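J.: Let me give you the structure first, and then I'll get to my questions.
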Amino acid sequence: MDVYHKVLVKLYEVTDGKDTQSVDFKDLVRTAGFLGNYNDIYDVMSSQGWISESKKPDYVGITHWGVSEAKKSAGGAPDDSQAVKKEANRLANQAKELASLVEEFMADTSKEKFEKVGKIFEEMTVTIARLKNTVH
């Protein structure tokens, strides 16, 4: 199980799977032993739709998608080879999109085109982080 799923399962346990309960996510990540990766964990789990922000800083709730994913994860370790293939495929598609956007930017060096390049690059960074935690 990768670090994201470990934290998600812990969040599920702490909230009893209730999306109405908010918890101090930074503290949860710290007690799980992953505080150094807090920002990455938060970004990935948020982009997956597993957590929702609270009004209080660093507090989150689990979403119904998070509950579903936590239940799948708690039921057994995910097939890492399938997860790696899925993320590698996502990364390949993002790389193709990045190449296309860079070519567009070369033709039109506007701020808008550059921001599109930056956005896909950030998405690739998240995908690489997921791969890093999945590949053994």
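The values are calculated or read from the model by the stated rules, or taken from the named source; none is laboratory data. This one's a predicted model, so the numbers in the text were calculated from it and none came from an experiment. So basically every Cβ, Gly included, is an ideal-geometry build from the backbone, and we count neighbours across all protein chains shown.
J.: Please name all residue pairs, on different chains or six or more residues apart, with Cβ atoms under 8 Å, provided the first residue is in region 57-75 and is in contact (Cβ under 8 Å) with a residue 24 or more places away in the chain and surrounded by fewer than 19 Cβ atoms within 10 Å (Cβ to Cβ) and the second residue is assigned to a strand (DSSP E or B) and of a type in the set (Val, Ile, Thr).
T.: Note: pairs meeting the criteria are Tyr59/Val23; Gly61/Val23; Gly61/Ile51; Thr63/Ile51.
J.: Pick from region 2-19 the residues that are in a loop (DSSP other than H, G, I, E, B) and either among the basic types (Lys, Arg) or crowded, with 17+ Cβ neighbours inside 10 Å (or both): which of them is modelled with the highest pLDDT? Give the steps one after another, and end with the answer.
T.: From region 2-19, those in a loop (DSSP other than H, G, I, E, B) are 2, 16-19; that's our starting set.
Now narrow it down to the ones that are either among the basic types (Lys, Arg) or crowded, with 17+ Cβ neighbours inside 10 Å (or both): 2, 18.
Working: Asp2: 84, Lys18: 91.
Once the filter is applied, the top-ranked residue is Lys18.
Residue by residue, here is whether (1) crowded, with 16+ Cβ neighbours inside 10 Å; (2) farther than 23 Å from Lys10 by Cα; (3) acidic (Asp, Glu); (4) out of contact with any Lys or Arg (no Cβ under 7 Å at 6 or more places or on another chain) holds:
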residue: Met45; (1), (2), (3), (4): yes, no, no, yes
residue: Lys55; (1), (2), (3), (4): no, no, no, yes
residue: Ser100; (1), (2), (3), (4): no, yes, no, yes
residue: Glu103; (1), (2), (3), (4): no, yes, yes, yes
residue: Glu115; (1), (2), (3), (4): no, yes, yes, yes
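J.: For the subset of region 110-136 comprising residues that are at pLDDT below 95 and assigned to a loop (DSSP other than H, G, I, E, B), which member is nearest to Ser47 (Cα to Cα)?
T.: Val135
J.: Still on this structure, I have one more. Do any strands (runs of 3 or more DSSP E) lying entirely in region 20-64 carry at least 1 residues that are closer than 21 Å to Lys132 by Cβ, and which ones are they? Give the steps one after another, and end with the answer.
T.: Numbers: elements: 22-24, 51-53, 59-62.
The strands (runs of 3 or more DSSP E) meeting that bar are 51-53.
J.: Find the residue count for region 11-27, including only residues that are under 19 Å from Ser47 (Cβ atoms) and either out of contact with any strand residue (DSSP E or B) (no Cβ under 8 Å at 6 or more places or on another chain) or of a type in the set (Lys, Arg) (or both).
T.: Residues in region 11-27 being under 19 Å from Ser47 (Cβ atoms) and either out of contact with any strand residue (DSSP E or B) (no Cβ under 8 Å at 6 or more places or on another chain) or of a type in the set (Lys, Arg) (or both): 1 in total.
J.: With of a type in the set (Val, Ile, Thr) and over 15 Å from Val14 (Cα atoms) as the only criterion, which of Ile41, Ile62, Ile51 stands out? Can you show your working first?
T.: Working: Ile62 fails: over 15 Å from Val14 (Cα atoms); Ile51 fails: over 15 Å from Val14 (Cα atoms).
From the options Ile41, Ile62, Ile51, the qualifying one is Ile41.
So that you can scan it fast, the table gives a plain yes or no per residue for (1) within 16 Å of Asp2 (Cβ to Cβ); (2) in contact (Cβ under 8 Å) with a residue 40 or more places away in the chain:
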{"site": "Gly36", "(1), (2)": "yes, no"}
{"site": "Glu53", "(1), (2)": "no, no"}
{"site": "Ser81", "(1), (2)": "yes, no"}
{"site": "Lys86", "(1), (2)": "yes, no"}
{"site": "Glu104", "(1), (2)": "no, no"}
{"site": "Gly118", "(1), (2)": "no, no"}
{"site": "Arg130", "(1), (2)": "yes, yes"}
{"site": "Thr134", "(1), (2)": "yes, yes"}
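J.: Taking the criterion of being in contact with a His (Cβ under 8 Å, 6 or more places away or on another chain) and surrounded by fewer than 16 Cβ atoms within 10 Å (Cβ to Cβ), would at least one residue in region 80-89 satisfy it? Explain how you work it out, then say what you get.
T.: Pass one, region 80-89, residues in contact with a His (Cβ under 8 Å, 6 or more places away or on another chain): 80.
From the residues that got through so far, the ones that are surrounded by fewer than 16 Cβ atoms within 10 Å (Cβ to Cβ) too are 80.
Yes, region 80-89 has at least one match.
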